[in-house]
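First up is the structure itself, then whatever we jot down about it.
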Amino acid sequence: MISLDEVKTYLRVDFDDEDKMINSLILSSINHCKDIARVESEEELEEYPNSKIAVLYMTTYLYEHREETDYEDLNLTLRALLIGLRKSEF
């Protein structure tokens, strides 16, 4: 859905020391966005145009706010980005 290189370019990270952590953040972001959108698969999430932006936003947010993450604010933003895809129930 989104590659490590895309995220590193967006973050302006030029070194490989944190690749494992960034990959972990990408996977966590994809799973969290799936939960917010209430979809079962990554493919279903990918069909929605804003999903890539939502995953990139969350990954960046988690990377830049490692010590002071505000999950309430993060979830409100993700819901706004994914509202068109969000199912009324699982």
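Restriction of the GluC sites (Glu not before Pro) in region 11-70 to DSSP coil positions whose beta-carbon has at most 16 other beta-carbons within 10 angstrom yields E18, E40, E47, E67, E68. For region 40-90, the list of trypsin sites (Lys or Arg not before Pro) that fall in a loop by DSSP and count at most 16 other C-beta atoms within 10 angstrom reads R66, R86, K87.
The C-alpha atoms of the chain define a longest principal axis, and helix 51-64 lies at about 40 degrees to it.
Length gained on full extension, D70 to I83: 2.7 nm, using 0.36 nm per residue less the C-alpha separation.
Each reported figure results from applying straightforward, stated rules to the coordinates on display, with no laboratory input. What you see is a predicted model, and the numbers here were worked out from it, not measured in a lab. Cβ: placed from backbone, ideal geometry, glycine included. Neighbour counts: every protein chain shown.
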